[in-house]
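Enquirer: Provided herewith is a single structure, encoded as structure tokens, for subsequent inquiry.
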Amino acid sequence: MKNFRALEESGQALIELAISLPLLLSMLLGMSELGNLFYCAIEVTNSARAAAQYATMNGGAFSITNSSGLDTTGMLQAAQSDSNNLGTAVSFSSTPTYSCTCADGTANYSCNVVGSYPSGCSSSHLIVTVTVHTQGTFTPRIKIPGLPASYILQGSSIEEVLQ
């Protein structure tokens, strides 16, 4: 009688495995996609930082004589080069800007001087900051009904121009 009972229960583990394996595999794939989404979000933020650093290291807003004052072409190239997985899917969500303030907080100084460096803070030095906002599109490899086919990821960075 003992041998007959052991034969009855020998297939139980196989049935439990067949029931639980699809659930475990779907959880594993879901965690992989979520990790990839987070990694791409970090890349978008790092690309904004790379674009802002490019602007600050290449004269800030005062070396180019175009209407915005910033080398947006070079900034975008730096942002796209920094994001390996997304590449050209990274773009600016808004035009990069720069602003000027006096270090002692007395006034917000206007930076609308294209081609020359502004002056005007009498009691302190001028602080120039570059602001960059990037976005990238993440498309999951696994399509799940009810979830979006792609996600727009946002990144931003504010860097101070060294003087």
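Enquirer: Check which residues have an amide H placed less than 5 Å from residue 161's amide H, if you skip close sequence neighbours.
Expert: Amide H to amide H, under 5 Å and 5 or more residues apart or across chains, residue 161 pairs with 128, 129, 130.
Enquirer: How much length is gained if the chain between residue 93 and residue 144 is pulled fully straight, taking 0.36 nm per residue apart and subtracting their Cα-Cα distance, in nm to one decimal?
Expert: Roughly 15.6 nm would be gained on extension.
Enquirer: Next up: With a 10 Å radius around each residue's Cβ, average the other Cβ atoms per peptide and rank 19-32, 148-161, 123-136, highest first.
Expert: 123-136, 148-161, 19-32
Enquirer: Given points 7 Å out from each Cα along the Cα-Cβ axis, report the residue 25 to residue 104 separation in nanometres with one decimal.
Expert: Using points 7 Å along Cα→Cβ, the separation is 7.1 nm.
Enquirer: Now for a separate question. Which order do the peptides 91-98, 138-145, 47-54 come out in when sorted by mean C-beta neighbours inside 10 angstrom, highest first?
Expert: With the highest mean Cβ count within 10 Å placed first, the list reads 47-54, 91-98, 138-145.
Each value in this text was obtained by applying a stated rule to the coordinates, not by laboratory testing. Please read all numbers here as calculations on a predicted model, not as lab measurements. Don't worry about glycine lacking a Cβ; one is built from the backbone with ideal geometry, like all the others, and counts go over all protein chains shown.
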